[in-house]
Amino acid sequence: MAKGMSSEETLRVTVAALMRATGENQTRLARGLRITQGAVSRKQVGKASWSLGDIDRLSAHYGVSVPDLLCGPTHAVEQLPHIRRAAIIGGSQSVLTVA
């Protein structure tokens, strides 16, 4: 967990970093997690919390283990499989939908 941040804050920052590293926006992430873009937005601004089920789906979506997701953005991005990284940071990439 990032120093000085709560677990929820760390996860929000980590999700933002993973979205940037993979070139995803909230709409594409939502599609991959099978939730709405509005739900992703509420979770990312702290108006709603990421549930344990959401964290499991984030893990499957990005190919990063749950413990790695909770270690903070730098660590999680380092664990991101090469195939999931955008060619250009902040670029775009196809979304993989998890079951």
Residue count, region 69-84, condition surrounded by fewer than 16 Cβ atoms within 10 Å (Cβ to Cβ) and within 15 Å of G32 (Cβ to Cβ), comes to 2
Filtering region 49-65 down to residues that are closer than 20 Å to R85 by Cβ, in a helix (DSSP H, G or I) and of a type outside the set (D, E, K, R) yields L58, S59, A60, H61, Y62
Of the residues in region 1-48, those that are touching a residue at least 40 places away in the same chain (Cβ under 8 Å), outside any loop (DSSP other than H, G, I, E, B) and over 19 Å from V66 (Cβ atoms) number 3
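Rule-based calculations on the coordinates, nothing more; no lab input. Keep in mind it's a predicted model, so treat the numbers as computed, not measured. So basically every Cβ, Gly included, is an ideal-geometry build from the backbone, and we count neighbours across all protein chains shown.
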